[in-house]
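Encoded as structure tokens, here's the structure I'll be asking about.
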Amino acid sequence: MLENLKQNFVDHVRQLQNMITEEIKKRDPSVEIVEDNWSRLDFNGNDGGGGITRAFSGDIIENAGVNTSVVFGAIAPEFAKKIGSTDETMWATGISLIIHPRNPKVPTTHANFRMIQAGDKFWFGGGADLTPYYPYTEDFKYFHKVWADACAPYGNYEDFKVKCDNYFVNKHRENEMRGVGGIFFDHLNTGETEKDLAMVKDLSNHFIDSFFPLMDKRSEEAYTDEDENFQLHRRGRYVEFNLLHDRGTMFGLQSNGRTDSILISLPGRVKFSYKYAPKAGSPHEEMMKYYYPKKWV
């Protein structure tokens, strides 16, 4: 039974990868796609599965990655302890994506949905969040409303929102969030695996509606050098979170994942300036106040 559910989720994330790929191509006809089918060895040097990485770059999408993977096999004893594996083996599948649009009026977005088995334990995790660079609060409300509606049948939006607000945080930057949140959950196992699987699949299907209408709305808006400068500095904060705090990055690297596929989440261009701050009275200074938990729905 569990093996059937695992294959069901593998098929789902691959289908979702294709659907999101088509949405990107539809909106950016210039986009170039590099697809890699990669494989890995497990801790003992045996077949450990692999994945499909798709890297995108174009006129509207500066860089993006939409990846799926199915990895399995023996893992290092210290890593096994960390994830709670009972026999130093693991199996994991999922989709992970990041979209960095070129126009700073369009937010960056990230999402992932995964199923993990560690020894005889298994669980689901995932979520989606938004990193805007301009204070269009109606866009933030729209994004959260899509996820609140998606979560409504399960009654978990508030819980998942709080988890997201508390997770995507640069604690070393006075608890500044990397964006305006969304939903996030991990180690989800209610004991009813079929229902958990159905819920995670249902939630993941809402990603397209949560983000692409915002791209349609904003991608042709005019922007200034100052807008772009703020975007590039905020991307710097994104890099800080992904390299210092993101558990998915650590999981991928420590499980002998494919480094380029893991770090595809990083933006193509970024700025770091000593004690950077946006200009007083600018929309970018206003945007700074939204990088903390807010009620959007």
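Taking segment 52-67, which residues are among the polar types (S, T, N, Q) and over 16 Å from residue 29 (Cα atoms)?
Selection gives 53, 67.
If you go through segment 59-87 one residue at a time, how many are on the phi > 0 side of the Ramachandran plot and either surrounded by fewer than 19 Cβ atoms within 10 Å (Cβ to Cβ) or touching a residue at least 60 places away in the same chain (Cβ under 8 Å) (or both)?
Residues that pass the stated criteria total 1.
Among the candidates 286, 240, 221, which residue alone is in contact with a strand residue (DSSP E or B) (Cβ under 6 Å, 6 or more places away or on another chain) and over 30 Å from residue 89 (Cβ atoms)?
From the options 286, 240, 221, the qualifying one is 240.
Follow-up question, since we're still on this one. Being in contact (Cβ under 8 Å) with a residue 60 or more places away in the chain, part of a loop (DSSP other than H, G, I, E, B) and not hydroxyl-bearing (Ser, Thr, Tyr) is the requirement here; does residue 180 meet it?
So residue 180 fits the description; yes.
Going by the conditions given, is residue 83 more than 22 Å from residue 219 (Cα to Cα) and modelled with pLDDT under 95?
Here the answer is yes, as residue 83 does meet what is asked.
Just to check your reading of the model, which residue among 4, 37 is polar (S, T, N, Q), closer than 25 Å to residue 205 by Cβ, modelled with pLDDT under 95 and surrounded by fewer than 17 Cβ atoms within 10 Å (Cβ to Cβ)?
4
Taking segment 232-258, which residues are closer than 29 Å to residue 47 by Cα, within 16 Å of the chain's Cα centre (by Cα) and among the hydroxyl-bearing types (Ser, Thr, Tyr)?
Across segment 232-258, the qualifying residue is only 249.
Do any strands (runs of 3 or more DSSP E) lying entirely in segment 26-128 carry at least 3 residues that are within 23 Å of residue 168 (Cα to Cα), and which ones are they?
61-74, 89-101, 108-118
I'm trying to understand the selection: among the residues of segment 167-181, which are surrounded by 17 or more Cβ atoms within 10 Å (Cβ to Cβ) and on the phi > 0 side of the Ramachandran plot?
181
Also, I was wondering about something else. Out of the residues in segment 267-290 meeting the condition of being in contact (Cβ under 8 Å) with a residue 60 or more places away in the chain and closer than 30 Å to residue 68 by Cβ, tell me which one is nearest to the chain's Cα centre (by Cα).
Once the filter is applied, the top-ranked residue is 267.
If residue 23 meets every condition in (1) surrounded by fewer than 20 Cβ atoms within 10 Å (Cβ to Cβ); (2) assigned to a strand (DSSP E or B) apart from one, which number is that one?
All conditions are met except number (2).
With respect to the numbered conditions (1) in contact (Cβ under 8 Å) with a residue 24 or more places away in the chain; (2) not in a helix (DSSP H, G or I), which one is the sole condition not fulfilled by residue 190?
(1) is the only condition that residue 190 fails.
Within segment 54-70, track down each residue that is among the β-branched types (Val, Ile, Thr) and within 14 Å of the chain's Cα centre (by Cα).
Passing the criteria: 66, 68.
Working carefully through the options 127, 94, find the one that is touching a Lys or Arg at 6+ places or on another chain (Cβ under 6 Å), closer than 24 Å to residue 56 by Cα and either touching a residue at least 24 places away in the same chain (Cβ under 8 Å) or not hydrophobic (A, V, I, L, M, F, W, C) (or both).
From the options 127, 94, the qualifying one is 94.
Where the second residue is part of a strand (DSSP E or B) and aliphatic (A, V, I, L, M) and the first is without any contact (Cβ under 8 Å) to a residue 60 or more places away in the chain and over 21 Å from residue 96 (Cα atoms) and lies in segment 35-50, which pairs have Cβ atoms under 6 Å and are six or more apart or on separate chains?
44/74
Oh, and also: Within segment 212-229, does at least one residue satisfy the condition of being aromatic (Phe, Trp, Tyr) and under 19 Å from residue 168 (Cα atoms)?
no
The values are calculated or read from the model by the stated rules, or taken from the named source; none is laboratory data. All values reported here derive from a predicted model rather than from experimental measurement. Methodologically, a virtual Cβ is constructed for each residue, glycine included, from the backbone with ideal geometry; neighbour enumeration extends over all protein chains shown.
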